[in-house]
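Data block below; observations after.
Taken together, the values in this text are just the output of simple stated rules run on the coordinates, not laboratory data. In this text the structure is predicted, and so the values were computed from the model without any measurement. In this analysis, Cβ positions are derived from the backbone assuming ideal geometry, glycine residues included, and neighbour counts consider all displayed protein chains.
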Amino acid sequence: MSEHQAEDRKQTSAGSASSTSSITLTRRHNRSTRTFIIHTLVRPFRYFILKPGKPWPADSPQLTPHKSCSKTCSVNERLVASIYIYDIEPRKSKTTTSKRSTNAAAAHTSSGIKRRIYYIAGGSWKKPPSIEHWQLAAKMASAVPHTAVSVISVPLAPRETAPTAFPKLLAMYEQVMIESKERGEYVIWAGDSSGANIVLGLIGEALRVGRPGPNGTGPRPLLAPSALFLICPSVDANRDNPDIAKLERLDPVLKADDSKKFAVAWSGDWSVNDERISPALEGRPGDHVVQLLHERGVKVHGVTAGYDILSPDGIKLRDRLEKEGVQGKWLHWDKQMHCFPLAWIYGLPESKKGLFWILDVLSEEE
């Protein structure tokens, strides 16, 4: 057991999941003075944090990974089904270090890579990965043994919306999953905030392909990942959970009205109740994403935060996963802001411990 896991065991509350539960829940409650000060300073400026910038062009944007990634990792760009992907691997692996490639076959094929994390960064469906996302990806690649992280450059709102982006993402998903199977990789799809929302919607869509129709026929099923990892996911675009209003004055980052507006912009011609936009609404008929994840044996790990307006619906998702029998490990940390593990680069103690928890869970997935 690592020192990070030992710390988790010590801080897990008596209210955590029982031995009969499919979800192992770790609860933490503390907030350091340093984190309290940061929360207080950030709150008045959250409008500027979320302020929309200049719209990105349609299609998957070609990105420039943050230079910090190259300190510990090699980065390779490839184009798969019109979607740019950035493969990040620790430098010690014997892979190409070229920065640009349009040949999907140029993806990393080092025999040392056993685990691949396909990562979709949050950003209110309209922003590309930030420095925090690039550094998290590089940290996962360098700290989790035998791991590559493939950052997906998702088409962004408002010039792309879910109805135009999902067919492209689904075509990319099918191809990269076949490639990972051929390489014998253990596959995890991960994301934070709106990125976690896209992951849930995309995996649900993928797992519906090939399900038997009324006559027992259907197209070939798509491959399923082994696990998902969701950091502070958006799971209900309506933002009408009554607990959201109670948390809004405490959330240092998000505002419910703005968050819903961004989700509606992403939904395009689809209803916000479409499962690809709100992938964990209750009361759905069969083939909903939670049922599909259970049927295919996909684990779902996650993180929620007590001072995050998205957490009430994230907790409802966690409860539905547990009720359906989906396996997973979840961390809930009271008094922490939305996507707090990403703030580890600023030295916040709870953010660093949240990161360590994520790294330990990923290390155990194989």
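What single numbered condition from (1) surrounded by 20 or more Cβ atoms within 10 Å (Cβ to Cβ); (2) touching a residue at least 40 places away in the same chain (Cβ under 8 Å) fails to hold for residue 145? All conditions are met except number (1). Kindly indicate whether any position in the range 68-75 is exposed (fewer than 12 other Cβ atoms within 10 Å of the Cβ) and at negative phi. Yes; the residues of the range 68-75 include at least one that is exposed (fewer than 12 other Cβ atoms within 10 Å of the Cβ) and at negative phi.
Mind listing just one residue for me: the one in the range 152-172 that is hydrophobic (A, V, I, L, M, F, W, C) and over 23 Å from residue 224 (Cα atoms) and, of those, surrounded by the most Cβ atoms within 10 Å (Cβ to Cβ)?
Step one: of the range 152-172, the residues hydrophobic (A, V, I, L, M, F, W, C) are 152, 154, 156-157, 162, 165-166, 169-172.
Adding the requirement that they be over 23 Å from residue 224 (Cα atoms) leaves 156-157.
On the way: 156: 23, 157: 26.
Among residues in the range 152-172 that are hydrophobic (A, V, I, L, M, F, W, C) and over 23 Å from residue 224 (Cα atoms), the one surrounded by the most Cβ atoms within 10 Å (Cβ to Cβ) is 157.
Sort out which residues of the range 324-349 are of a type in the set (D, E, K, R) and more than 19 Å from residue 278 (Cα to Cα), and write them in order of number. Before the answer, list the steps.
Of the residues in the range 324-349, the ones of a type in the set (D, E, K, R) are 324, 329, 334-335.
Correct list: 329, 334, 335.
Across the range 250-277, the qualifying residues are those that are under 19 Å from residue 339 (Cβ atoms) and not in a helix (DSSP H, G or I), and the one among them that is farthest from the chain's Cα centre (by Cα) is 250.
Sub-8 Å Cβ pairs linking a first residue in the range 221-234 that is of a type in the set (S, T, N, Q) to a second residue that is in a strand (DSSP E or B) and buried (at least 24 other Cβ atoms within 10 Å of the Cβ), at least 6 apart or interchain, are 226/188, ordered by first then second residue.
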